[in-house]
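Step one of this worksheet: look at the structure below.
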Amino acid sequence: MKIIKTKIKNLFIIKPKIYLDKRGFFFESYVKNKYYKFSKKLFCQDNLSLSKKNVLRGIHFQWKKPQAQIIHLIMGKIFVVFVDFRPKSKTFLKKIELVIDSKDNIQVLMPPGVGSGFYSLGKKNIIHYKVSEYYNPDYEIGINWSCNKIAVNWPRGKKIINSRDKLNPLSSELNFENFKDLNRLK
């Protein structure tokens, strides 16, 4: 397993060791004692999403009981953005943009307080999320995908966006100091 640091503290790209032969491949997608070195959170819930081509989701995060996440693209190709929403972090409201292809079998380990959004480039895109806190829709919030302050370089083309994501506030419309759970994170 190769761990790659990013410019956002405790956000890592993980390249697992792939065992490949004529039958296919195998890799360990999660080993608690290996991942625990990088995230002191234990994982309690797994989620799976399927998105068709041109679907844009996000940018979401859980403001109360923030979640650490391990994201793995099982099928497809996506453009993904990760944004630091921890007000005391040196990289507050900074972003990392990646194109992830399922053929590469990479994973991304996100610390609590970092949110994400993605745009589906492939015809069928399946993402597996392992999370450290139970999902609660009352604790989730989104930032508008077109927020100028974050300035994501979304791929050109048609975008299929649900009504909730279209109505998400801009980062400037939120008082992050009110999010006590995020303010404890760095």
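Return yes when Asn33 is at pLDDT below 95, polar (S, T, N, Q) and over 14 Å from Lys130 (Cβ atoms) and no when it is not.
On the way: at pLDDT below 95: yes; polar (S, T, N, Q): yes; over 14 Å from Lys130 (Cβ atoms): yes.
Taking the combined requirement at face value, the residue satisfies it.
Of the residues making up the range 148-166, just one is surrounded by 10 or more Cβ atoms within 10 Å (Cβ to Cβ), within 19 Å of Val99 (Cα to Cα) and basic (Lys, Arg), namely Lys159.
Pro169 fulfils the conditions (1) assigned to a loop (DSSP other than H, G, I, E, B); (2) touching a helix residue (DSSP H, G or I) at 6+ places or on another chain (Cβ under 8 Å) except for a single criterion, (2).
The values are calculated or read from the model by the stated rules, or taken from the named source; none is laboratory data. It should be emphasised that the depicted structure is a prediction, and the values quoted were computed from it without experimental measurement. Reconstructed Cβ throughout: ideal geometry from the backbone, glycine too, with neighbour counts over all protein chains shown.
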